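Some notes on the structure that comes next.
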Amino acid sequence: DVKVTQSSRYLVKRTGEKVFLECVQDMDHENMFWYRQDPGLGLRLIYFSYDVKMKEKGDIPEGYSVSREKKERFSLILESASTNQTSMYLCASSRGGSYNEQFFGPGTRLTVL
Amino acid sequence: QKEVEQNSGPLSVPEGAIASLNCTYSDRVSQSFFWYRQYSGKSPELIMSIYSNGDKEDGRFTAQLNKASQYVSLLIRDSQPSDSATYLCAVKPYSSASKIIFGSGTRLSIRP
């Protein structure tokens, strides 16, 4: 079974703090993704990575950066957290090639005060 | 026009009946189609993938794909209260190597 884990289920931070969200997958998947999900707005892609050290912007990259130093790990960084970044953050991975099914981690509910 | 469209619901279905969830997509040459189930407060869980025209069955779930009409559906037979969730349709556009586009989801409620 594919296992995608995220470092925290719940996180509370203050405005202006630097926030790190970590995601690890154990199935040697090529692709990894970060989404945020807000009521009424659905899933929105922030960044994705198709290989180590490779990244591409998604639909809403502003205010975020990412890091992928190892194949199994993909980090989302909020350089200076703001209240409008309060959201559910979801990490996903996929094998790549003809196999595009994405498998999600449990999510991190981030609250920025 | 949204790339992947779903009726937001809620769709209310009596227990034991067939629930029918629908999705349309705009990219005519899309190749891969997925259905995810998401319980409230949880992350999406993949329940079906379909790649070619026709029906694909897995237990109580049947995915149906009609590429000419740009339409994909999910049927849930013998609906159970545990099927109450939001169902997300997702499509891989031809132009994308790895991204998939998610619809906003249909909320399904199974009433006892």
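Read the figures in this text as sums done on the coordinates, not as results from a lab. These figures come from a predicted structure and were not determined experimentally. Neighbour counts run over all protein chains shown; Cβ positions are idealised from the backbone, glycine included.
If you run the Gaussian network model on chain A, springs between alpha carbon atoms under 10 Å, then out of A:Ser87, A:Ser98, A:Ser67 the most flexible one is A:Ser98. For the listed peptides B:57-64, A:43-50, a ranking on the average number of other beta carbons within 10 Å per residue, highest first, reads A:43-50, B:57-64.
Extending 7 Å from Cα along the Cβ direction at A:Asp38 and again at A:Lys71 yields two label points whose distance is 3.6 nm. Distance cut-off 28 Å, Cα to Cα: go down the list A:Lys55/B:Lys56; A:Lys3/B:Lys92; A:Lys18/B:Lys92; B:Lys42/B:Lys99; A:Lys70/B:Lys56; A:Lys71/B:Lys67 and report the pairs above it. In this structure, A:Lys55/B:Lys56; A:Lys18/B:Lys92; A:Lys70/B:Lys56; A:Lys71/B:Lys67 exceed 28 Å between Cα atoms.
Among B:Leu74, B:Leu65, B:Leu46, the largest mean-square fluctuation in a Gaussian network model of chain B, built with springs joining Cα atoms closer than 10 Å, belongs to B:Leu46.
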